[in-house]
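The values are calculated or read from the model by the stated rules, or taken from the named source; none is laboratory data. Because the structure is predicted, anything quoted here is derived from the model rather than measured. Note that we place each Cβ from the backbone using ideal geometry, even for glycine, and neighbour counts take in every protein chain shown. When the accessible area is computed, the model is the full protein with side chains, heavy atoms only, and any ligands, DNA or RNA have been set aside. Shrake-Rupley method; radii C 1.70, N 1.55, O 1.52, S 1.80 Å.
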Amino acid sequence: MQADILREKFLKFFESKGHKIVESDSLIPCDDPTVLFTPAGMNQFKREFLGLDSGFKRATTSQRCLRTDDLEKVGKTSSHHTFFEMLGNFSFGDYFKEEAISWAWEFLTRELKIKTDRLWVSVYKDDDEAYVIWKDKIGLPEKKIVRLGDKDNFWPAEAKAKGPNGPCGPCSEIFYDTMEIWNLVFTQFNRKENGELEPLPNKNIDTGMGLERLTAIMEGKENNFETELFQPIIKEIKREASLGIGGLSPLFYAIADHIRAVVFSVYDGVMPSNEGRGYVIRKIIRKSILHLRRLGIDKPFLNKLVPQVSEAMREPYPGLKDKQEAIAAVILNEENNFINTLDSTDSLFKEKFSGFSKKDDAAKAGRVVFELYDTYGIPLDLTKEWLNAEGIKFSEGVFQEELNAQKERSRVKSSMKGDVFDAKGLGLKLKETKFCGYNEDSIKANIEVILKGGKEVKEAAKEEMLQIILDRTCFYPESGGQVGDTGELINGDSIFEVLDTEKKDNIILHTGKVKSGIFKKGDSVTAAINGKRRLSISRNHTATHILQAALRKVLGEHVQQQGSLVAEEKFRFDFTHFKGLSREEIKKVEEVANGYINGNLNVEAKEMELKEARKTNALAFFGEKYGEKVRVVSVGGVSIEFCGGAHLKNTKDIELIKIIQEGSVASGIRRIEGVTADYARKFMEEESLRLDEENKKKERLGKEKEKEKQESAKLSQSLRELAPKIIERSEKINGINLIFSQEQGVNINALRKLTDFIKEKAKLSIIALGSKDNDKAFLVIAVTEDLFSQGIDALTLIRKISPVINGSGGGRKDFAQAGGSKPENFTLAFEELKGIIINLGKSSQ
């Protein structure tokens, strides 16, 4: 493939110029909160640009990047993309403009043999140095050198006037005909708060060239999408499309671009969701689904393009093939959910626009239209069509306002925040802290620096909170999900209690307070970790490796780690899976994991070159940035992972794994919490006690219910026997049987039941029953069906009678009830009822 050759040529060319070939960083920027996705090759070198010595002054990469600034243009132009590879060469205070320009020209014209008459360049309007190099050193005619302003040829664009603060500088762009192919940034200034540009003591070079654009040039194509990077994907889409393809090329182009972005985002650990990076990927997937529907593809299909992407990118990313099944499963799940939403839009529209047809609230409707567009992904045209059919008006202006506001929020989230280089280090010129804690719990070390409130001090006394930096340490700093070690630094009678350990740049910080004595810079100390705590942490860390192996065996190899917490008392493990685990699955995972533990498997850690480590098929944590050398931890033959954490020597020392909780943390990501050894046994004992208590409670409640059932049956029988006796005491008035009785110690439910028993046997009857419970009066009135059909209803009667007992009532026309506070007035209430029935007779005459 031409792109593979070009990528290799570029990297090898700059390697021959003394550059170190550095592997592409993840699309998830490591330790860089300023951007959502890696947008350029320079991002992974921010610390080097700030002066951190990583052992090299020159670097070259082919960096996978993702940008969404021009999402709406993708497919409509020949060269806009969301996902792309950026070829770059970088200098950290080493060479500058002359070398950067000369080597760029050499690579294009000598290595690739691009005709010089097709090339021209731009320089910053005030950058005479670059202009002279192009004109005199390279020999480019003046007519082919164009001076441009702050917006086009300064990085960041318009930084001089608008910021952000930090390193910046002019740039020079190389064009092939009208296509920009290579941007050379000369970082020579530091922008200060007042907008002043001061020269940097160490000037840097940052260049970027899109591989897709270069491939199009070398293949003689005018459109990036016509190259071999995209055509296999596009051909697969065309085979599936049921509609004619004339005039629809932009849709094919956009889908081919988007599937690359989605595949590599999921590959790097981004799961579709409603926030942050996940929201961006969900949006790209949904746009692709809508494009597919316009091509007549209504069923899930995007997931079927993953193999084409994997095949096209197999040379630089061989590991993609191993993960393509898991990636396809993530995309399929998202496709099913969105297609179900699209297929049920009618019911969704009815729910969201309920009541809108009765009132003209176009602004509110406009906001609902935007919610459907933004949250549910419903296309505007689809919503408009439904609203027109229903005669509901909405404000397109309000919709556009909401859309613009959302775009601005996304722009702010995805663009640089604060200074260009926000990743601030300690600002200390120190060598890397040597870590000796894999096999040692206690070592001798020297105090290099004491920090108080972030500032260096010479000594520290009792009770002061500090950070101490040693030349070497056995304290593990928080990283990779594992919490930092605790313990003590000891110098005679002086004791410094280490409460936490963390790492910044390559320096390990021991955070804590002086318990006794005084500590000074240069002191020799004994660094001793809390060994018992470390053992528990090591158990839990090895347990997460065991757990992942068990999950992959039980659920499938799509399971990939998405995050973890390894603490003393428990561990937490996040992983890709698309539904909750059943009790049976959890039980099976525990059985498999504990089977590995009981297998007495050896745990081995080995430091390897990254390239060699990748050949072992070791699992890597999504989003983690790895150096040239990595530590590979293997557990028997069941698990092999990249891991820098603390581990046991044998699985038997885990003793026991118990899963205590399983749940969802995001779409497609599950979380398991677990405990080991004594913590597991304690949990199981507490769980056993809890279950015993629950069983006792259930047994007690069962007995109580049985007793209530028996008493209820006994009461029902007594009420059934009482009913005929009450009927016998009825009075006949104007052809109506008035059945009334006051019962003692009978609650309202019993009164209702007694009424039902009476109604079973009585005809042409009005039934009135009263009962006293403490100082409360309960009254029920019922009318038999034969009287109810004549227009006599209980609800009217209860409303007339209830005031007599100082109460009120309600109910149905055949049965009503009331409560009051004067049970002593029942006799008066019954007399009142008798009078009403007598009057009924008079009014009917």
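Miscellaneous remarks
- Sub-6 Å Cβ pairs linking a first residue in region 646-660 that is closer than 14 Å to Val566 by Cα to a second residue that is basic (Lys, Arg), at least 6 apart or interchain, are Ile654/Arg539, ordered by first then second residue.
- Residue among Gly556, Gly484 that alone is small (Gly, Ala, Ser) and touching a helix residue (DSSP H, G or I) at 6+ places or on another chain (Cβ under 9 Å): Gly556
- Of everything in region 431-459 that is assigned to a strand (DSSP E or B) and farther than 16 Å from Ser524 by Cβ, the residue that is most open to solvent (accessible area, probe 1.4 Å) is Lys455.
- Residue pairs meeting the criteria (Cβ under 6 Å; at least 6 apart or on separate chains; first among the basic types (Lys, Arg), in region 806-828; second outside any strand (DSSP E or B)): Lys813/Asp793; Lys813/Leu795; Lys822/Ile805; Lys822/Asn806
- Among the residues of region 650-664, those that are among the hydrophobic types (A, V, I, L, M, F, W, C), in a strand (DSSP E or B) and within 20 Å of Leu535 (Cα to Cα) comprise Ile657, Ile659.
- Annotation note: of Gly745, Gly668, the sole residue that is at pLDDT below 90, in contact with a Pro (Cβ under 9 Å, 6 or more places away or on another chain) and not acidic (Asp, Glu) is Gly668.
- Note on region 631-649: residues that are assigned to a strand (DSSP E or B) and either surrounded by fewer than 17 Cβ atoms within 10 Å (Cβ to Cβ) or in contact with a Cys (Cβ under 9 Å, 6 or more places away or on another chain) (or both) total 3.
- Odd one out for Asp53 among (1) crowded, with 21+ Cβ neighbours inside 10 Å; (2) among the acidic types (Asp, Glu); (3) over 30 Å from Asn223 (Cβ atoms): (1)
- Helices (runs of 4 or more DSSP H) wholly inside region 199-281 that include at least 3 residues being among the small types (Gly, Ala, Ser) and open to solvent by less than 20 Å² (accessible area, probe 1.4 Å): 249-267
- Wholly enclosed helices (runs of 4 or more DSSP H) of region 765-845 bearing at least 2 residues more than 22 Å from Asn747 (Cα to Cα), out of contact with any Cys (no Cβ under 7 Å at 6 or more places or on another chain) and modelled with pLDDT under 85: 826-844
- Here the strands (runs of 3 or more DSSP E) wholly within region 521-583 that include at least 2 residues being over 23 Å from the mean Cα position of the chain (by Cα) are 524-529.
- Within region 56-89, being over 29 Å from the mean Cα position of the chain (by Cα) and without any contact (Cβ under 8 Å) to a residue 24 or more places away in the chain holds for one residue alone: Thr77.
- Each residue in region 556-572 was checked for being in contact with an Asp or Glu (Cβ under 8 Å, 6 or more places away or on another chain) and either closer than 17 Å to Gln661 by Cβ or surrounded by fewer than 17 Cβ atoms within 10 Å (Cβ to Cβ) (or both), and 7 of them qualify.
- Within region 616-630, considering residues that are more than 23 Å from the chain's Cα centre (by Cα) and open to solvent by less than 30 Å² (accessible area, probe 1.4 Å), the one modelled with the lowest pLDDT: Ala618
- Any hit, region 353-360, residues being small (Gly, Ala, Ser), loosely packed, with under 15 Cβ neighbours inside 10 Å and in contact (Cβ under 8 Å) with a residue 24 or more places away in the chain: yes
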